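Engineer: My questions will all concern the structure given below.
The values are calculated or read from the model by the stated rules, or taken from the named source; none is laboratory data. Keep in mind that this is a model prediction, so the values were computed, not measured. Neighbour counts run over all protein chains shown; Cβ positions are idealised from the backbone, glycine included.
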């Protein structure tokens, strides 16, 4: 078996860009960012990774964070799909169907959990930046700055039907020049508030719009940030709206129920870097807000039980480039990054301490979007994770978290041999030549 090894980004750029080597599959349990990388040495690495002369049959599961007899987390990639339809920008999951939006004018529908294609929704306009699924309803945002609303069924095969568009066409006929309902730039994100039937859309035009789905009306529109809005969330418990932007801030908005307007209640800004992603984790009486920024860190805030204010609790460090997407389910947080990896973090019960359980490194380009859902299996907590990258692949991961396992690392002892090996393998991502070329040309990954 021929082993292929990671190289630094700078070595990767300087050498032949047509070299298509793939990364070693190593999982890292530390949530620290190591500042010194061990020099690359193919000879030394081959000695360290020399195979057993009589290896046991390989299992599809990868142990994480270390190859120990009692790991806390197992994972493996159960499907990797590639279609030549451009980049995939968005993923949504509902009713056993996974939807992906891309540069194409076809929105693909995949079956859970194996990723078999069930069909597609064809539109007149592509570049689907945002997708949101609720029940049997699917909302999609397109490059013409409109939202399409679909109904789908899966009982006797996959079927779909377009219900309407937002804003409605009648508003353009009556007020062709004074219409303020439509966004004037790319719709980058959507969120749905179930209790009131409100659809929120955030755009690069710096505004947030609230749509009443029942009568397809825009009930409020307000300027939320000073730059592109990249993500939006709604707390289903109290209706608070969370937004983040390239202006480096996350903001919390509260709706005034009498007139449907929204007022700013708090601005969260801890670092002067663009914020690309948000995730909200509510478990029992605890509520945490996570934000992923372009410096590779994930900041988090904890909600006070009495005042309902969010206090900065710290940050998670481990990604080397921008964090582009976040998903939170109970005490687990999934983060996708420009460094091509997906990290799985776990928050300790009753505290702000987080640990990194695994690093999933199957992609060869920035991980642009994520979705995750529970998959219970007896006493084992299971998850299905869906990821899409700018390498134009869509992957399905199965993750199992074993109960009662605690993982302890001595982060202070940097001389430990295990830490040295992990540092050597993990500090240098392998990126696809096409993405490196775009990065050097200054092209945006959004």
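Engineer: If residue 363 satisfies every condition in (1) modelled with pLDDT under 90; (2) within 19 Å of residue 79 (Cβ to Cβ) but one, which is the exception?
Structural biologist: Among (1) modelled with pLDDT under 90; (2) within 19 Å of residue 79 (Cβ to Cβ), residue 363 violates only (1).
Engineer: Please specify each residue of region 369-399 satisfying the condition of being surrounded by fewer than 24 Cβ atoms within 10 Å (Cβ to Cβ) and within 18 Å of residue 296 (Cβ to Cβ).
Structural biologist: Within region 369-399, just 370 meets the criteria.
Engineer: Something else: Within the bounds of region 125-136, is there any residue that is outside any strand (DSSP E or B), closer than 30 Å to residue 206 by Cβ and in contact with a strand residue (DSSP E or B) (Cβ under 7 Å, 6 or more places away or on another chain)?
Structural biologist: Yes.
Engineer: Scan region 363-393 residue by residue and report those that are without any contact (Cβ under 8 Å) to a residue 24 or more places away in the chain and in a strand (DSSP E or B).
Structural biologist: 377, 380, 381, 382 - these are the residues of region 363-393 that are without any contact (Cβ under 8 Å) to a residue 24 or more places away in the chain and in a strand (DSSP E or B).
Engineer: Regarding residue 358, is this residue closer than 23 Å to residue 226 by Cα and assigned to a strand (DSSP E or B)?
Structural biologist: Criteria not met by residue 358.
Engineer: Looking only at region 275-287, count every residue that is crowded, with 16+ Cβ neighbours inside 10 Å, modelled with pLDDT under 95 and under 20 Å from the mean Cα position of the chain (by Cα) and tell me the total.
Structural biologist: 2
Engineer: Further question on the same structure: Scan region 288-298 and give yes if some residue there is out of contact with any strand residue (DSSP E or B) (no Cβ under 8 Å at 6 or more places or on another chain), over 20 Å from residue 195 (Cα atoms) and either surrounded by fewer than 21 Cβ atoms within 10 Å (Cβ to Cβ) or touching a residue at least 60 places away in the same chain (Cβ under 8 Å) (or both), otherwise no.
Structural biologist: Looking through region 288-298, at least one residue is out of contact with any strand residue (DSSP E or B) (no Cβ under 8 Å at 6 or more places or on another chain), over 20 Å from residue 195 (Cα atoms) and either surrounded by fewer than 21 Cβ atoms within 10 Å (Cβ to Cβ) or touching a residue at least 60 places away in the same chain (Cβ under 8 Å) (or both).
Engineer: Every residue in region 248-271 that is surrounded by fewer than 18 Cβ atoms within 10 Å (Cβ to Cβ) and in a loop (DSSP other than H, G, I, E, B), please.
Structural biologist: Scanning region 248-271 gives 257, 258, 259, 260, 269, 271.
Engineer: Tally time: how many residues in region 137-147 are surrounded by fewer than 21 Cβ atoms within 10 Å (Cβ to Cβ) and outside any loop (DSSP other than H, G, I, E, B)?
Structural biologist: 1
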